[in-house]
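**Student:** Attaching a single structure in structure tokens format; questions to follow.
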Amino acid sequence: MENKNTLIEAEPTKLNFSQDNNRANITITNNGLDLVDLELKIKGDCGTFKIPYLRGDQNICETSKPGTIPLNPQEHQLFYIYYEPTSTSLTNNQAELELKYKDSISGKPNLISIPLIIS
């Protein structure tokens, strides 16, 4: 899915994890002129994913526990996503990071899905 020319942009458009690489980073940009409340949700049952705040010990969101962050106009934020495999994670090798927000002009809800691929 291409995420260019939208109010919210996420790079890269897919994230890869493995036994040797349990961390990936993603940059999320608000291209608009208004504050956006961005909901982050991780979907999938292939292990535990966490997105911590860069400062502090709390998590923005975890698997099955969504979180919301404010993104200022023209702001770029870098996030790290950590993957912890579980004993039942061998049956499924993909999850998704969903980014939900409302368009400030139309009020229409939007969704960006970022595949989280485990190899």
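Only the coordinates and a few stated rules stand behind these numbers; no lab work does. Since we're looking at a predicted model, the values are computed, not measured. Cβ coordinates were reconstructed from backbone atoms using ideal geometry, including for glycine residues, and neighbour counts include every protein chain displayed.
**Student:** Summing +1 for each Lys or Arg and -1 for each Asp or Glu, what net charge is found among the other residues whose Cβ lies under 11 Å from the Cβ of D37? Write out the running numbers ahead of the final one.
**Tutor:** On the way: positive: K100, K102; negative: D34, E39.
Its environment carries a net charge of 0.
**Student:** Given labels modelled 7 Å from the Cα in the Cβ direction, how far is it in nm from N59 to N25?
**Tutor:** That separation, rounded to one decimal, is 2.1 nm.
**Student:** Checking the cross-link filter: which lysines have an alpha carbon closer than 19 Å to that of K102, excluding same-chain neighbours under 8 positions apart?
**Tutor:** Filter leaves K4, K41.
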